[in-house]
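Engineer: Got a structure for you, questions after.
The values are calculated or read from the model by the stated rules, or taken from the named source; none is laboratory data. The structure presented is a predicted model; accordingly, all values stated were derived computationally and were not measured. Glycine also receives a Cβ, built like all others from the backbone with ideal geometry; neighbour counts cover every protein chain displayed. Ligands, DNA and RNA are excluded from the accessible area calculation, which covers all protein heavy atoms including side chains. Shrake-Rupley method; radii C 1.70, N 1.55, O 1.52, S 1.80 Å.
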Amino acid sequence: MIEQRVYQLIAGQRAEAVLRRHDQVVLGNYARFPLLIRRGKGCYVWDEEGRRYLDFAQGIAVNALGHCHEAIVKAIQDQMGRLMHVSNLFYHEGQALLAERIVGLLGAGRVFFCNSGAEANEALIKLARRFGAESGRYHIITAHGSFHGRTMATLSATGQEKVKVGFYPLLPEFTHVPWNDWRAVESAVRRETVAILIEGIQGEGGVNVATPEFLTHVRRICDERNLLLLWDGVQCGMFRTGRFQSYERILEGRDVGFSPDAVAMAKSLGGGFPVGAVWVRDPLSQLMGPGSHGTTYGGNPLACAAALATFEVIQAERLDENIRVRGEALKSSLLDLRDKYPGQISDVRGYGGLLGIELKECNARGKVMQLIGMGLLTAAAGEKVVRLLPPLNVSEEECDQALQILSRSFA
Ligand SMILES: *Cc1c(COP(=O)(O)O)cnc(C)c1O
């Protein structure tokens, strides 16, 4: 429901009327901020009154190239006039082109297309079940603070109690272990264990970055016990950290040859258009033969066109480099802010376009609200962390502007 005070501060009269009508008929399952957004371009959105906001939330790490990037708009428009949907009973060229891009970046394997992050993780869980079927294994280990989606299986996989309340009984055979604690992972492995599912950076959980030691030990444990290492790259993937997948960034400069067995993707993959994907390494991919899984919309021509355009722009304009440089600069300025306001900021962490400012007090939502009033959109992650999710093509000026607003808010 609407917080009255800020609501009046932010929304204009027409917006107020729309918000009220909205809340009469739309399910109240989101704690929305009272901002009626009318249009967006690049790093900015405009509300009903024509007020401009610098958008460092970008649809929760979805708009990889900002709002309404010409290349994505054109790709969707062109595709829309040609072919919008054919189902997976037939072929169209887009899936092949998009899967080639993904295989080119992740290695020999096959790609399954779906429509969201939860669906991608759902496919990872089904892959693990198939993998363990013959040996009677089905138990999956995930981390405290993880977030894997809101379907019943991905909810069960998620290591946060708050999203599960009222939905028991869940899917059994998930164990959550403390984040970055590979010894706890090792202790949780039992005869029935078949997979370990982790994010490289826990986005929803508070921008908690995996340590290189954790990743290398988890890979070792999987190798020794014949377990699948399932990677949830839904939020931290698609070049957000400066590399395609966050393990490449986290393990940079170490000669460890780390690779997961399967990777879930969504969010930034479609640059704003809903699309999810799962890469499964060969020959493991052979497990998912005809009839093993499916979704009607998955990999439809529009989604593929949007994702392909997103890849093309990122790679042609070296936006992986851009977000790496911008992110490093932003992070170091935020660390200065932390030093200046140690009573308010306890930590700054993350990489590239996935940064977290941890507050001393549990009022991330209040902070996000204050920032909206000052013209900056961000996203809370848990009770204490304010997340910055700029687009990969964010400019130095836009970062400076965000910093100025943040400094003023802490001052
Ligand atoms: C957002 C998110 C999901 C769920 O994606 P949806 O598209 O909302 O279903 C899963 N895993 C991670 C890491 C996410 O950030």
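Engineer: Can you list, bin by bin at 10 Å, the percent of alpha carbon pairs in segment 1-123, starting at 0?
Structural biologist: The percentages, shortest bin first, are 10, 26, 31, 22, 11, 1.
Engineer: Using only alpha carbon pairs under 8 Å that are at least six residues apart, calculate the relative contact order of segment 174-221 and give it in whole percent.
Structural biologist: So the answer I get is 39 percent.
Engineer: Roughly what % antiparallel, to the nearest 5, for the DSSP beta bridges in the chain?
Structural biologist: Antiparallel bridges make up about 65 percent of those DSSP assigns within the chain.
Engineer: What is the Rg over Rh value, at two decimals, for segment 304-411, using alpha-carbon atoms and the Kirkwood definition of Rh?
Structural biologist: 1.02
Engineer: Using 0.36 nm per residue, how much length does the chain from R52 to D78 gain when fully extended, once their Cα-Cα distance is taken away?
Structural biologist: Working it through step by step, the gained length comes to 6.4 nm.
Engineer: Further question: Is the C-alpha gyration tensor of segment 130-208 telling us rounded, prolate or oblate? Criteria: a/c under 1.5 is rounded; beyond that, a/b larger than b/c is prolate, otherwise oblate.
Structural biologist: Judged from the Cα gyration tensor, segment 130-208 comes out oblate (a/c at least 1.5, b/c at or above a/b).
Engineer: Here's a follow-up. Using a 1.4 Å probe on the protein chains only, how many percent of the accessible area of the chain belongs to carbon and sulfur?
Structural biologist: 52 percent
Engineer: Take the alpha carbon atoms of the chain, find their radius of gyration, then divide it by 2.2 N^0.38 Å using N residues; give the quotient.
Structural biologist: Normalised Cα radius of gyration, the chain: 0.98.
Engineer: Using 1/(1 + (r/R0)^6) with R0 = 22 angstrom and r between the beta carbons of T211 and L284, what's the FRET efficiency to the nearest 0.05?
Structural biologist: Efficiency for this residue pair is about 0.25.
Engineer: Please compute the net charge surrounding F244, taking Lys and Arg as +1 and Asp and Glu as -1 over other residues with Cβ under 11 Å from its Cβ.
Structural biologist: +2
Engineer: Quick one: net charge around C68, please, counting Lys, Arg +1 and Asp, Glu -1 for every other residue with C-beta under 13 Å from its C-beta.
Structural biologist: Within the 13 Å Cβ shell, the charges total +2.
Engineer: May I pose another question? At a 10 angstrom cut-off on C-beta neighbours, averaged per residue, how do the peptides 53-64, 90-101, 227-238 rank from highest to lowest?
Structural biologist: The peptides rank, most packed first, as 227-238, 53-64, 90-101.
Engineer: Same structure, new question: Just order 299-307, 353-361, 319-327, 186-194 by mean Cβ neighbour count inside 10 Å, highest at the front, would you?
Structural biologist: In decreasing order of mean packing, 299-307, 353-361, 319-327, 186-194 become 299-307, 353-361, 319-327, 186-194.
Engineer: Considering only protein heavy atoms, what per residue accessible area in square angstrom results for segment 149-271 with a 1.4 angstrom probe?
Structural biologist: Here the residues of segment 149-271 average 36 Å² of exposed surface.
Engineer: Listed here are the pairs K340/K360; K41/K384; K340/K367; K41/K74; K162/K331; which of them are more than 21 Å apart at the Cα?
Structural biologist: Result: K41/K384; K162/K331 exceed 21 Å.
Engineer: Around F258, what is the net charge, scoring Lys/Arg as +1 and Asp/Glu as -1 over all other residues with Cβ under 9 Å from its Cβ?
Structural biologist: +1
Engineer: Would you mind computing, in nm to one decimal, how far apart the modelled labels at L335 and V25 are, each placed 7 Å from Cα along Cα→Cβ?
Structural biologist: If labels sit at L335 and V25, their model points lie 5.1 nm apart.
Engineer: Once you keep just the Cα pairs under 8 angstrom separated by 6 or more residues, what percentage relative contact order results for segment 127-234?
Structural biologist: Worked out over segment 127-234, it gives 30 percent.
Engineer: Moving on to the next point. Post the alpha-carbon centroid distance, segment 161-226 to segment 39-104, in whole angstrom.
Structural biologist: 32 Å
Engineer: Mind checking the dipole of segment 101-146: about its Cα centre, +1 per Lys or Arg Cβ, -1 per Asp or Glu Cβ, Debye to the nearest 20?
Structural biologist: 120 debye
Engineer: Right, next: Please give, to one decimal in nm, the separation of the simple spin-label points placed at V325 and Y91, each 7 Å out from Cα toward the Cβ.
Structural biologist: Output for this residue pair reads 4.2 nm.
Engineer: Would you mind calculating the relative contact order of the chain from Cα pairs under 8 angstrom and at least 6 residues apart, reporting the percent as a whole number?
Structural biologist: 21 percent
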